[in-house]
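Beneath this line is the structure, given in structure tokens, with notes to follow.
What follows is calculated from the coordinates using simple rules that are stated; it is not laboratory data. Because the structure is predicted, anything quoted here is derived from the model rather than measured. Here Cβ is always computed from backbone atoms with ideal geometry, including for glycine, and neighbour counts include all displayed protein chains.
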Amino acid sequence: MTEKEKMLAGQFYSAVDPDLSRELMETREIIHEYNALRPSETRKMKEILHNLFDSIGDDDIIVNQPFHCDYGKQIRVGKRFFANFNFTILDEARVTIGDDCFIGPNVSIYTACHSTDPVERNSRIEWARPVTIGDNVWIGGSVTILPGVTIGNDVTIGAGSAVVADIPSGSIAVGNPCKVIKSIHNDLRTVKITSSNIDNVEFRSLYESAFPPEEQIPYDDIKELMKTIPIDFTVYYDQEKFVGLTMVLKRQDFDWGWYFAVCEELRGKGYGQMILSSLIAQHADQPMVIDIESPAQKDCPNLEQRLRRYNFYKRNGFKDTPTAKSFEGIDYTIMLLGEGEFTQENYDEIIDELRQFWENLPSESQAKE
């Protein structure tokens, strides 16, 4: 494979390869010509951009000078695209931007990655990860978007943000690191589940398929537990479509986020963010604690999924705690949303409380009587 083929495949490649260096210089000459045009030469600007980029949705494109990119041919933009002054794209990997996107001044999109080890970094070996931006997105001024990030549809990124992880559709996000502060599509209908309406095929099916068997309390036992402990079981609907569920153990000092699931066919469509935003609003009166599979356990087969889940909660304000647990060979990270601390003693109290309730749970034969 050539170094360029390695680069486009996301593999390690030499950034000082002669062929890549020659292509970079050719692009810089084109960019120099573009930036030297008079502001009135809009037709020539569009002609250069159409030849430089891999694809452009239509002729309704404005990219204010100066503009900078590395290669150009890894860039795709949609219809009605606007970018303000000093827009920079390091397109060692594919950069895809959807329709009706606004880019503020001094925005940078990076796809190139370097090692944090100085010896490796000085070898000039690097790699690249694609960046994808959906439709109807406004990127505020001086935003930096890092390699591998995906930004969904209908998103606003506040000025000065550093986007280091994916941002779901329908979000307003800001900060360094950038995190969601509001969902503009959060109009889900919620239904509280009790022991009287828990017998539902959809609820049971999602619960039993979303979590490993060893992490599940038998669904029928939840019905009995709800009669004795304060479980907040909520299901979520987008109009009449069932989209997910949450279970929270209510306590005096904090709430324990027990289960969180989105219907499999709806994952990756922003419903997780919508449900979490709703859940946070429902339990805003006190801190919430969750446990997730630890991204620090590097020998696991689902490390990428763990990292995405961890970053998802970090974006939404959850922070690490010094508490952790292991179960069936799986390490778990305990995260906290809100003020205060969560200690190992707090965790042990929850486990003891659940164990007592569990031991007092009637057996199947007792329940029938």
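In Å, what Kirkwood hydrodynamic radius results for the stretch 142-270 from the alpha-carbon pair distances? Across the stretch 142-270, the inverse of the average 1/r is 16.8 Å. Relative contact order of the chain: 8 percent, from C-alpha pairs under 8 Å at least 6 residues apart in sequence. Name all residues of the stretch 90-134 having a backbone nitrogen under 16 Å from the label point set 7 Å from the Cα of residue 24 along its Cα→Cβ direction, giving them as ranges. Answer for this model: 90-93, 110-115, 121-129.
Here the simple spin-label model places points 7 Å from the Cα toward Cβ, and for residue 88 and residue 116 these points are separated by 2.2 nm.
Using the Cα coordinates of the stretch 3-183, the gyration tensor eigenvalues translate into equivalent-ellipsoid semi-axes of 25, 23, 13 Å, sorted from longest to shortest. Sorted largest first, the spans of the alpha carbon positions of the chain along the three principal axes are 86, 47, 37 Å. With the simple spin-label model, which puts each label point 7 Å out from Cα in the Cβ direction, the residue 44 to residue 328 separation comes to 6.8 nm.
Nearest 5 percent is fine: what portion of the DSSP beta bridges confined to the chain is antiparallel? Taking every DSSP beta bridge within the chain, about 55 percent pair in antiparallel fashion. Expressed to the nearest 5 percent, the antiparallel share of DSSP beta bridges inside the stretch 3-183 is 20 percent.
Hull volume per residue, based on the alpha-carbon atoms of the stretch 202-325 and their convex hull, is 133 Å³.
Expressed to the nearest 5 percent, the antiparallel share of DSSP beta bridges inside the stretch 189-365 is 90 percent.
Relative contact order for the stretch 1-70: 31 percent, from Cα pairs under 8 Å spaced at least 6 residues apart, divided by residue count.
In this structure, the pairs whose alpha-carbon distance is over 29 Å, taken from 250/314; 250/298; 227/314; 6/46, are 250/298; 227/314; 6/46. Using the structure shown, list the pairs from 4/44; 179/241; 269/319; 241/269; 4/79; 73/269 with a Cα-Cα distance above 18 Å, or answer none. Pairs exceeding 18 Å: 4/44; 179/241; 269/319; 4/79; 73/269. Placing unit charges on the Cβ atoms of the charged side chains and taking the dipole of the chain about its Cα centre, the candidate lying farthest along the positive direction among 82, 159, 313 is 82. Principal axis extents of the Cα atoms in the stretch 152-195, from largest to smallest and rounded to whole angstrom, are 47, 19, 13. Extension gain for residue 358-residue 311 works out to 13.6 nm (0.36 nm per residue, less the C-alpha to C-alpha distance). Here the Kirkwood formula puts the hydrodynamic radius of the stretch 228-285 at 12.0 Å, using every distinct Cα pair.
A viscosity of 1.306 mPa s and a temperature of 10 °C, combined with the Kirkwood radius over Cα pairs in Stokes-Einstein, give a translational diffusion coefficient for the stretch 264-313 of 126 µm²/s. Rounded to the nearest 10 degrees, the inclination of helix 201-210 to the longest alpha-carbon principal axis of the chain is 60 degrees.
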